[in-house]
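Everything below concerns the one structure shown next.
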Amino acid sequence: MGKRKLILRNFLSPGDLVMLTAAVRDLHRNYPGQFITDVRTSCPELWEHNPHITPLRESGRGVRQIDCEYPLIDRSNEAPYHAIHGFADFLSARLQLNVRPTNFCGDIHLSAEERRWKSIVHELAGRDLPFWIVNAGGKFDFTIKWWDWRRYQQVINYFRGKILFVQVGEIGHYHPPLEDVVDLRGRTDLRQLVRLVYHAQGVLCGVTALMHLAAAVPTRPDRAPVRAAVIIAGGREPTHWEAYPHHQFLHTIGALSCCATGGCWRARTRPLGDGEDADAPESLCSDVAGELPRCMDMITADDVVRRMETYFEGGVNRFLEAGEKRAAEHAVARSLEGPRLDTTINLATVADALEQAAREARESRPPLLKGRGILLFAATAAEVREALTNCRKIRALGSQLPIECWLSTSCPGDIGRALTSAGVTALRVESKTANALPATRAEFRLHALAHSKLREVLVLEPGHFPRVAPEKIFADRNFAQAGAVFGAAHQFNARPGVWKMCGLPIPRESADASAFLIDRVRCWSAITLWRWIVDRAYFFTGYVDGEGGAAQLAFAKLSLPAPVTGRFAENFSLRERPSSPLASSARRRPKQLAR
């Protein structure tokens, strides 16, 4: 019997996925040589260099896909299990095996090269310094886990000159700035955070992904075998489900009636009014002290200080030496150069921010535009071949409309000449500064919409080919009336928070931005606001449905009609492959332009 091929799927938060890395490791350790595994998750960075991952195709022979869950969490208050048992227990039942945890941590791997790299703190300070990572916030829609940022500041003040703190936090979440810290909020992606944890001697945070990474990421050879961590937990989760043996886990389980026998598992301290289930009474904290759940309010800065001191008194951590303090101060100062994390867009402020952006969008004026045509896009030589094939199809259908093909700067120079010879206007997405270049497919498309000279355009993503002459597509009645028409992708399934808090009706269908018509003069304000939303995708992702969702939100906020109709998609065929290749100068699509 051959090896069993599995693709394990899960799209929960990073902390949950760290637990899935443990289950994959334990599956292979318990049943060596019996499985080939691949994953589909929301955080591919956590799986880099993982020896248990082998690329598999969903359509491959003998490949089985499993949507991984951990129903054991429903018994976490009663059953004596840690979160690390969750996915292992699920796989045991699904595969009819006995997958037992082998390590009390997740399974994060770094390459030999990554281990040799200097940390960001080392680069800022000019020398290798010991430091602690602090995460003083959390998700805006999950407030019950927050501890008061002022208390974090009290802890930092107590250790001033002794411990170098590095503040991290994800863009779009609540992370108020702390003083006397190396400010890396919004400056690390998940993989960079993994590398930062590798160099850290300690971690201070709530129950979050950073806590799981503190246990799962290997430690440096010159450090203690396990990483110090002080976790401010309160009473939401049962201690045995979340705590790692070598962490200082500050909890109040058993001290309050609401968590007398286990975690309350509630989500929010107060309702946000965003239409989420987390606003339901059974999801709200039942014992609030000021702005904190009482279980978190009971934990003081002195409690945290004392737990941190144990690592230094015991000798597994060391304070900054006299000669290191100046370098630490230098790292703090350098981290404050340039713009700091924008914390203005959140669930509490999005209504006002979107209103201000809409006001400015209404006041914006389009450049001089005229004519009707087609916009195509190409980030690689392969997509240019698709564009050339598309142009030939369009001409074969009898259309003489002008065609613009917008190229990534990564496309070879001779490709533009090939397009020009085919009667296509080749335009490059260029900028005076590299940082201003579009980084995503959505930004790439909107850059073209902002800079094309055509007024009325049919926008076609790679792989979308007209079935009828584009002139007939422009004759759509919705386009004549509204100035824009999108295809329907599927039933709208984004979270309602932004729509609810901005007083906007929630769409029934989601818009498809891979093929649409738009009059750039009539819809210039919508394009402007659309671009503003895409530039803040760190917050709006999840509240808008796919790449067309940002357009839907922009049109809705400006009270402009933007018809979404399933029949519009009937005008196109998808993924027809080009018949003749270009010269073999094709390059792999840059990661930043991947869809």
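The values are calculated or read from the model by the stated rules, or taken from the named source; none is laboratory data. None of these values were measured; they are calculated from a predicted model. With ideal geometry, Cβ positions are generated from the backbone for all residues, glycine too; neighbour counts draw on all protein chains shown.
Side notes on the structure shown:
- Tally of residues being farther than 27 Å from S573 by Cα, outside any loop (DSSP other than H, G, I, E, B) and either of a type in the set (A, V, I, L, M, F, W, C) or not assigned by TED's automatic domain parsing to the domain that holds F465 (or both) across segment 504-533: 5
- Within segment 501-537, the residues that satisfy the criterion of being within 24 Å of E456 (Cβ to Cβ) and among the β-branched types (V, I, T) are I518, V521, I527, T528, I533, V534.
- Residue count for segment 441-479, restricted to those that are over 17 Å from L397 (Cβ atoms) and more than 33 Å from the chain's Cα centre (by Cα): 7.
- Single unsatisfied condition, D303 versus (1) touching a residue at least 24 places away in the same chain (Cβ under 8 Å); (2) assigned to a loop (DSSP other than H, G, I, E, B): (2)
- Leading residue by the ranking (farthest from T188 (Cα to Cα)) among those in segment 27-51 that are touching a Leu at 6+ places or on another chain (Cβ under 8 Å) and part of a loop (DSSP other than H, G, I, E, B): Y31
- Checklist (1) surrounded by 20 or more Cβ atoms within 10 Å (Cβ to Cβ); (2) assigned to a helix (DSSP H, G or I) applied to I253, failing item: (2)
- Scope segment 12-40; condition among the polar types (S, T, N, Q) and within 18 Å of the chain's Cα centre (by Cα); matching residues: S13
- The residues of segment 136-159 that are under 27 Å from the mean Cα position of the chain (by Cα) and either under 18 Å from R294 (Cα atoms) or crowded, with 23+ Cβ neighbours inside 10 Å (or both), listed by number, are A136, G137, G138, F142, T143, I144, K145, W146, W147, D148, W149, Y152.
- When each of H109, H85, H122 is tested for being more than 24 Å from the chain's Cα centre (by Cα) and either surrounded by 19 or more Cβ atoms within 10 Å (Cβ to Cβ) or outside the structural domain of R223 (by TED's automatic domain parsing) (or both), the lone residue that passes is H85.
- Test result for V468, surrounded by fewer than 18 Cβ atoms within 10 Å (Cβ to Cβ), among the β-branched types (V, I, T) and modelled with pLDDT of 90 or more: yes
- Hey, A551 surrounded by 23 or more Cβ atoms within 10 Å (Cβ to Cβ) and either in a helix (DSSP H, G or I) or touching a residue at least 40 places away in the same chain (Cβ under 8 Å) (or both) or not: yes
- Remark: F539 matches the filter, which requires a residue to be modelled with pLDDT under 90 and among the hydrophobic types (A, V, I, L, M, F, W, C).
- Unique match (being over 18 Å from H28 (Cβ atoms) and at pLDDT below 95) among R61, R75, R127: R61
- With respect to the conditions (1) modelled with pLDDT of 85 or more; (2) within 21 Å of R477 (Cα to Cα); (3) in contact with a strand residue (DSSP E or B) (Cβ under 6 Å, 6 or more places away or on another chain), A550 lacks only one, and its number is (2).
- Here G138 passes the criteria (1) modelled with pLDDT under 95; (2) within 27 Å of E324 (Cα to Cα); (3) in contact with a His (Cβ under 9 Å, 6 or more places away or on another chain) except the one numbered (2).
- Of all residues in segment 411-420 being surrounded by fewer than 15 Cβ atoms within 10 Å (Cβ to Cβ) and farther than 15 Å from L376 by Cα, the one that is modelled with the highest pLDDT: R417
- Top-ranked residue of segment 90-106 - restricted to ones that are of a type outside the set (F, W, Y) and buried (at least 18 other Cβ atoms within 10 Å of the Cβ), ranked as farthest from V194 (Cα to Cα): S92
- Considering residues of segment 456-497 that are outside any strand (DSSP E or B) and touching a Gly at 6+ places or on another chain (Cβ under 9 Å) only, the residue farthest from G566 (Cα to Cα): G497
- Selection status of G314, out of contact with any Lys or Arg (no Cβ under 9 Å at 6 or more places or on another chain) and over 30 Å from S525 (Cα atoms): yes
- Matching residues, segment 200-245, being assigned to a loop (DSSP other than H, G, I, E, B) and either within 19 Å of D16 (Cβ to Cβ) or not assigned by TED's automatic domain parsing to the domain that holds S286 (or both): V207, T208, V217, R236, E237, P238, A243, Y244
- Residues of segment 347-356 include at least one that is of a type in the set (A, V, I, L, M), touching a residue at least 40 places away in the same chain (Cβ under 8 Å), surrounded by fewer than 18 Cβ atoms within 10 Å (Cβ to Cβ) and under 30 Å from V498 (Cβ atoms).
- Pairing residues of segment 480-503 that are surrounded by fewer than 14 Cβ atoms within 10 Å (Cβ to Cβ) with residues that are small (G, A, S), at Cβ distances under 7 Å and at least 6 apart in sequence or on separate chains, gives H490/S510.
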